[in-house]
Structure formats: structure tokens, C-alpha cells
Amino acid sequence: MAKPKFQSPTGTHDILPQNQAYYDKIYKTVKDIVSFYDFGKIDTPILEDANLFIRSVGENTDIVEKEMFILKTKGKDYLALRPEGTAPIMRAYIENGLLSLPQPVRLWYFGPFFRYEKPQAGRFRQFNQFGIEIIGESDSIVDVQSVLIMYKVLQELGLNDLIVKINSIGDDKCRPIYRKDLIKNLRNNKDSLCADCQKRMKTNPLRVLDCKNEKCQQALLETPQSIDYLCEECKKHLKDTLEYLDELKIPYLLESKLVRGLDYYTRNVFEIESTRSGVVLAGGGRYDNLAKVLGGGNVSACGAAAGIERIINEMKETKNRPMLKDVPDIFFTQIGPLAKKKSLPILENLRKAGLKVGESFGKNGLKDQLGKASRLGVKAVIILGQKEAINDKILIRNMKTSKQVEVKQEEIVKELKKILKEK
Ligand code: HAM
């Protein structure tokens, strides 16, 4: 087939009807769980001031340095398609005075994000995330709730081979000491690091730790670990978190090289990985300094986000298919031009009565229409012929008993509900 003249931009995809059921299922699962935990939904604009991300995610992170879609408008605004949700939500929290509400404020979101990445499996330029943010609470119990909610959503979607990887990168008190020692160590191993890491060493040394390059991994075997530098408060915060996770029987691994690619994190950071595929499905952590960086004072917070397309891929590979469509209980057939004309208002009344009705009005032959009805396995078939259309009546066939009755059109709903109730 010839290449179509227009294609979706690199790294973006159409979500076709056959895939919508996955999105619906994930949305519903997230909504049920977060509603129980008293989260309110928030939608922030797709476009934000690019400086919001430069200040919060960090100037020397991959997201800001390489992956932001930047727009310069005619009005000279400097805008970015949002690459992530935490900074916009903190901006919204400050801007809308949510500090005056009882704390913590629990927010959740679901929607598209944009990163100018090199497209590959599980890495797109437009992708969807759902996320949660718990703002205004410093207790480690909310770190655990962030992990728990993400973990439960994935489990309820049928994904069971999961591991939580967790680390603490310390706070303003202990991280600078760690950073200094880390830089010293990296300098000593400079020649064994890849070119990117030699740069990162100066701009964002913690990011060197999660470089996937084999050469760097070897060179990093002996590097100092943030966990050995934690101050008493950070140490206790991590210890409490792990104890809660033990209590919940959530499997975890302490991962000393997990730093995550965003500058706003403090203390606990975590990811949830599929042990089956090795794909990271969700990530998050604490960000106690973000509010201050954005001019909102001292507000502790924690949260996480998961990649919807990665979850869908995992669901497909593990054969966790959602019901692809609402299957109708009833099928509407019509024969002849008058019946066809009268069928749309009748169908509309059935919809209003809450009945799920299938039809193939484009087909005129009864055989074709009944064929589709039997493939769907409906409980009742409605037949509107020329004679019935003239007399304002209709035929209803009970597909289980094969009994057929003629009823007045105003009695259709009653008769159908009777059939649907039968076991
Ligand atoms: P993140 O780790 O950058 O964290 O993204 C979260 C998840 O989004 C990833 O684990 C992955 O499943 C998915 N994801 C990221 N980039 C892509 C991509 N290019 N294509 C497909 N999926 C992708 C954050 O975004 C933080 N805001 C999470 C957070 C919330 N931290 C605290 N609160």
C-alpha cells in the first residue's frame, strides 16, 4: 500500500475504537480507587509557561534540556506542552489558594503529556498518564499511600508481576554532603564514564547513577550511595516507609542507584516495575521543596504517575483484555421503508429507558439483521414490519424461548424489561 500523504506526527498515535476500552477501564479503575481515598480530580492546561518546568523539573534534566516541546506565540509567550503533571499541579495549588483548604489536599489527574523523545517501545512523544499528588503532608504515611494506590490500580488491572523499587536521595541537609562525595568519586572515574555522563557529572551528578550505559554501570559499582549519607530525619522517614510497606505486604527492593530524572524530588523516590517485562510502569516520590521554588512557601508533598500506554501494553501481553464493547441485550430489526422511518424515534425511546439496543439499519433484509442479532447473542429481538408500522404495533421475540408476541408500541419497554429479568 502506498504511504498515505499525511501521517500522525512521529511518536504520536491515534487511539482507535478497539483500544478505547483499555483507556475506559483504566480510567474507571483509577477513579474508583482514588475516590475511596478522597482525591479530587484536577485538570490543568496542556500548555504552561515553559519556565515552570525549567525552575521545577530542573534546567539540567533530560526533560527540560532535550524533551520539551516549546512554542513561541505571536504575543511572545514562552510556552511548553506539559511534559509532566506535578509542577503544573503545584502551580495550580499555589495560584488557586488551595493552601487555605484542610491539608493535605489530594488531587488526581488523567490526560496527555508530551516529551520530545526518540520514539521506541514504551516511549512516545505524546503519551497519557494518570497521577496523584498529596500536597501539605510531611508524614511518610502519604508516601506509602502514593505507592499503595499506584500498586493497587495496576493489580486491579490484572497486572501481578510487580516490584516497587525505592530509594531516598535525602534533603537539603544531607544531600549536599552526598553530592560532594559523589562528584569527588565520579571525577576519579571520569575516564570510564560515557560522554553524556562526563557532562552530567558537572550539571546533574545524581543522574549519572541511573545511566544505562554498560561502561558507566561498571564504573559506578563502587560509588557512594545516598542511603549512607541520610540525616536522622531522612533515615527515619525511609525506615517508616519500609515498615508500612512490610505491613501491606507490598514487595519492594532498596535500589541505591534510583534517583529519578526530575530535580524536584527530596527524600523517598520510587518506581513500580513489571518483573515480567522490566518496564517501569509508574514513578513518583516526595517533593518537599517544590512549593518554595515556585514561590508558595513551605509545603511538603508527595505523589506518583503512571504511563497509560505502557500499562495497556502490559495488559495486552498478559491477556488482560477489558470488555471491548457494551454488548446489547436487544436487537432492533425493521422491514420496509415505513418501518425504517419509524424505527429511529422508537430506538430513541428505548435508549431513554436505559436499554442497550443494537441495530443494523443500513441493512434492509431481515435475514442479514437476524444474523447479526444471533451473533451478538441478544436476549430479545424487536421486529418492526410494514404491517406493524401501520398499526403502531411491534413484534418482540424472546430468543431463549423463541416465543414471539405482538405488543402496542407504548408497551415495548415493559415487555422487554420482562424478558430481560428472566433468568
Ligand atoms: P515520570 O517517571 O517521568 O514521572 O513519568 C511517570 C510514568 O509515565 C513513567 O513511569 C512511564 O510509565 C510514563 N512515561 C514517561 N515518559 C513516557 C513516554 N515518553 N512515553 C510513554 N510513557 C512515558 C513523572 O512524570 C512525575 N511527574 C511523577 C510524579 C508525580 N512524581 C511525583 N508526583
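Taken together, the values in this text are just the output of simple stated rules run on the coordinates, not laboratory data. Please read all numbers here as calculations on a predicted model, not as lab measurements. Positions of Cβ are generated from backbone atoms using ideal geometry, with glycine treated the same way; all protein chains shown enter the neighbour counts.
Mind checking the full-extension length gain between SER256 and LEU376? Use 0.36 nm per residue of separation minus the Cα-Cα distance, one decimal, nm.
Full-extension gain reported as 37.8 nm.
By how many nm would the segment from LYS393 to ASN213 grow when fully extended, if each residue of separation counts as 0.36 nm and the alpha-carbon distance is taken off?
Net length gain for the segment: 57.4 nm.
Would you calculate a helix-derived [θ] at 222 nm for the chain, using -39,500 (n - 2.57) for each DSSP H run of n ≥ 4 and dividing by the full residue count, to the nearest 500?
Helix-only estimate at 222 nm: -11500 deg cm²/dmol.
Suppose we keep just the DSSP beta bridges with both residues in segment 330-417; what percent of those would be antiparallel, to 5?
Restricted to segment 330-417, the bridges split so that about 55 percent are antiparallel.
For the charge dipole of segment 330-417, defined by +1 on Lys and Arg C-beta atoms and -1 on Asp and Glu C-beta atoms about the Cα centroid, which residue among VAL407, ASN364, SER343 has the Cα displaced farthest towards the positive pole?
Positive-end residue among those listed: ASN364.
Looking at the chain, which longest stretch skips every one of the GluC sites (Glu not before Pro) that is in a DSSP loop with at most 15 other Cβ atoms within 10 Å, leaving the sites themselves out?
223-421
Among the DSSP beta bridges whose two residues both lie in the chain, what percent are antiparallel, rounded to the nearest 5?
Within the chain, antiparallel bridges account for around 80 percent of the total.
Please list, by residue number, everything in segment 325-354 whose backbone N is under 20 Å from a paramagnetic label point 7 Å out along Cα→Cβ of VAL413.
328-333, 342-354
When the Cα atoms of the chain are enclosed in a convex hull and the volume is divided per residue, what value in Å³ results?
220 Å³
Considering only Cα-Cα distances, which of the following residue pairs are longer than 18 Å: LYS165/LYS257; LYS5/LYS118; LYS173/LYS236; LYS379/LYS417; LYS316/LYS372; LYS25/LYS352?
The pairs that break the limit, which is 18 Å between Cα atoms, are LYS5/LYS118; LYS316/LYS372; LYS25/LYS352.
Mind checking the dipole of segment 330-417: about its Cα centre, +1 per Lys or Arg Cβ, -1 per Asp or Glu Cβ, Debye to the nearest 20?
260 debye
For segment 233-270, which trypsin sites (Lys or Arg not before Pro) are both in a DSSP coil and crowded by at most 13 other Cβ atoms within 10 Å?
LYS249
For a Förster distance of 60 Å, can you work out the FRET efficiency between the beta-carbons of VAL405 and ASN96, rounded to the nearest 0.05?
Efficiency at R0 = 60 Å is approximately 0.55.
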